[in-house]
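Here the structure comes first, spelled out in structure tokens, and everything after it is commentary.
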Amino acid sequence: MSEQKRHPLYAAAAERILILDGAMGTMIQQHKFEEKDYRGAEFESWHTDIKGNNDLLVLTQPEVIYAIHCEYLQAGADIIETNTFNATRIAMTDYDMQSVSKRINVEAARLAKQAAEEFTQKNPDKPRFVAGVLGPTNRTASISPDVNDPGKRNVTFDELVVAYEESCEGLIEGGADIILIETIFDTLNAKAAVFAVDSVFERLQVRLPVMISGTITDASGRTLSGQTAEAFYYSLRHVEPFSFGLNCALGPDLLRQYVDEIAQIATCPVSVHPNAGLPNEFGEYDLSPNDMAEQIKEWAESGLVNIVGGCCGTTPEHIAAMVKVTSGVMPRKIPELQVRMRLSGLEPFVH
């Protein structure tokens with residue numbers, strides 16, 4: 001058995017449907033932080049506005065981030081995500097905070113690990129895990145930012161690799177149990193991320209489970225870079241991830257058919273953390289915990305998922321409701337597929 005598969009996460013996933021946490025940003029918004037709250041004492045004189053830099057709060061408001069992790073753990077989450085969605089050197093250029101990127105990753109993982117260990121000690125029969133999040137960045141390697149110049153790019157593959165390596169090193173240093181590459185809208189960005197993660201694993205001589213989660217951007221059923229869910233899976237299955245799935249953009253009603261699509265072909269656990277419906281005219285999410293849980297219950301009973309949680313608009317109440325409806329339901333059975341050639345472009349090619 002490989003070092004990765006001896007990880008206790010694999011044993012937990014074989015026993016039950018695992019619960020991922022819910023939205024960090026939604027919980028942060030409830031605190032109504034202003035500029036001074038983001039700055040704290042250390043960044044009081046920072047030369048740009050930094051309100052909205054939620055990842056920085058692991059340095060300036062660590063007790064708040066820790067408390068949010070604890071709320072999700074109390075609700076029953078098995079896996080909590082680090083507050084590092086935008087903590088790559090590339091995304092941090094919006095605040096001219098590239099130099100702080102690695103430190104944010106280290107401290108975010110440390111905070112989450114502290115919370116997870118506290119709850120594991122309370123109940124050793126339910127171990128808690130930290131997923132170190134590598135977000136998609138705010139740039140895309142496959143699509144031109146200029147409609148008049150299709151060949152133009154605002155980031156290169158190598159630049160993405162360097163940024164992801166730095167963040168991944170920080171997450172491992174801080175104690176992450178898992179690396180989660182999530183909200184993937186561009187498969188080329190994801191390929192840079194998995195290359196970077198593998199390079200860091202090799203350099204540090206460690207192997208952690210890797211979760212991969214993409215985003216179907218709208219009712220077209222495709223990622224932003226144009227792939228269907230099945231083609232997206234074939235593009236990245238060589239990574240042999242611990243889990244593969246979808247998150248964000250859509251609520252559980254609209255996402256279900258794409259979850260089903262991946263559930264039929266993925267030879268690893270399937271993870272899904274949808275939004276609490278679509279945003280209303282005020283940019284808020286209206287799907288209640290009970291209504292969302294009813295839809296997740298149907299997914300579970302239909303054998304579609306191994307890991308479920310929430311993305312934008314979800315709260316500890318949503319997660320607690322998911323725990324209730326999935327308790328005692330067997331996780332999706334991983335299919336044994338006929339050996340065939342499975343390739344992908346924008347669409348799958350199976351021969």
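Quick notes
- Too-long pairs where the Cα-Cα distance tops 22 Å, listed order kept, from Lys126/Lys324; Lys122/Lys324; Lys152/Lys191; Lys36/Lys113; Lys32/Lys297: Lys36/Lys113; Lys32/Lys297
- Expected-Rg normalisation [2.2 N^0.38 Å, Cα atoms] applied to region 139-217: 1.20
- Per residue, in Å², the accessible surface of the chain once ligands and nucleic acids are set aside, probe 1.4 Å: 43 Å²
- Region 159-232, relative contact order in percent, only Cα pairs under 8 angstrom and at least six apart counted: 35 percent
- DSSP beta bridges fully contained in the chain are about 15 percent antiparallel.
- Relative protection proxy for 118-129, 53-64, from highest mean packing down: 53-64, 118-129 (other beta-carbon atoms within 10 angstrom).
- Recomputing Rg/Rh (Cα atoms, Kirkwood Rh) from the coordinates shown identifies the correct label among (1) 1.10; (2) 0.99; (3) 0.94 as (3).
- Magnitude of the charge dipole, region 229-351, Cβ model with Lys/Arg +1 and Asp/Glu -1, debye to 20: 580 debye
- Accessible-area composition of region 19-139, carbon plus sulfur, in percent [1.4 Å probe]: 46 percent
- Estimated 222 nm signal from helices in the chain, with DSSP H stretches of n ≥ 4 weighted -39500 (n - 2.57), rounded to 500: -12000 deg cm²/dmol
- Percentage relative contact order, region 141-283, counting C-alpha pairs under 8 Å, at least six apart: 20 percent
- Protection proxy ranking of 224-237, 338-351, 25-38, 251-264 - average other beta-carbon atoms within 10 Å, highest first: 224-237, 251-264, 25-38, 338-351
- Straight-distance candidates among the aspartates and glutamates for linking to Lys333, with alpha-carbon spacing under 16 Å and chain neighbours fewer than 8 residues away dropped: Glu15, Asp260, Glu261, Glu298, Glu301.
- Computed log10 I(q)/I(0) for region 269-351 at 0.13 Å⁻¹: -0.54, from the Debye equation with unit scatterers placed on every C-alpha and solvent omitted.
- Comparing Cα centroids, region 87-130 and region 307-348 end up 23 angstrom apart.
- Of the solvent-accessible surface of region 261-320, computed with a 1.4 Å probe over protein heavy atoms with every protein chain present, carbon and sulfur atoms account for 48 percent.
- Normalised by 2.2 N^0.38 Å, where N is the number of residues, the alpha-carbon radius of gyration of region 1-87 equals 1.39.
- Normalising the average separation of contacting C-alpha pairs (under 8 angstrom, six or more residues apart) by the number of residues puts the relative contact order of the chain at 19 percent.
- Around Gly313: net Lys/Arg minus Asp/Glu count, Cβ-Cβ under 10 Å: -2
- Per-residue 3J(HN,Hα) values for region 8-21, derived from phi via the Karplus relation 6.51 cos²θ - 1.76 cosθ + 1.60 with θ = phi - 60°, read x, 4, 5, 5, 5, 5, 6, 8, 7, 6, 8, 10, 8, 6 Hz in sequence order (x marks Gly and Pro).
- Fraction of alpha-carbon pairs over 20 Å apart in region 77-138 - percent: 34 percent
- In a simple Cβ point-charge model (Lys, Arg +1; Asp, Glu -1; nothing else charged), the chain has a dipole of about 940 debye relative to its Cα centre.
The values are calculated or read from the model by the stated rules, or taken from the named source; none is laboratory data. Note that the coordinates shown come from a computational prediction; the quantities given were computed from them, not determined experimentally. Reconstructed Cβ throughout: ideal geometry from the backbone, glycine too, with neighbour counts over all protein chains shown. When the accessible area is computed, the model is the full protein with side chains, heavy atoms only, and any ligands, DNA or RNA have been set aside. Shrake-Rupley method; radii C 1.70, N 1.55, O 1.52, S 1.80 Å.
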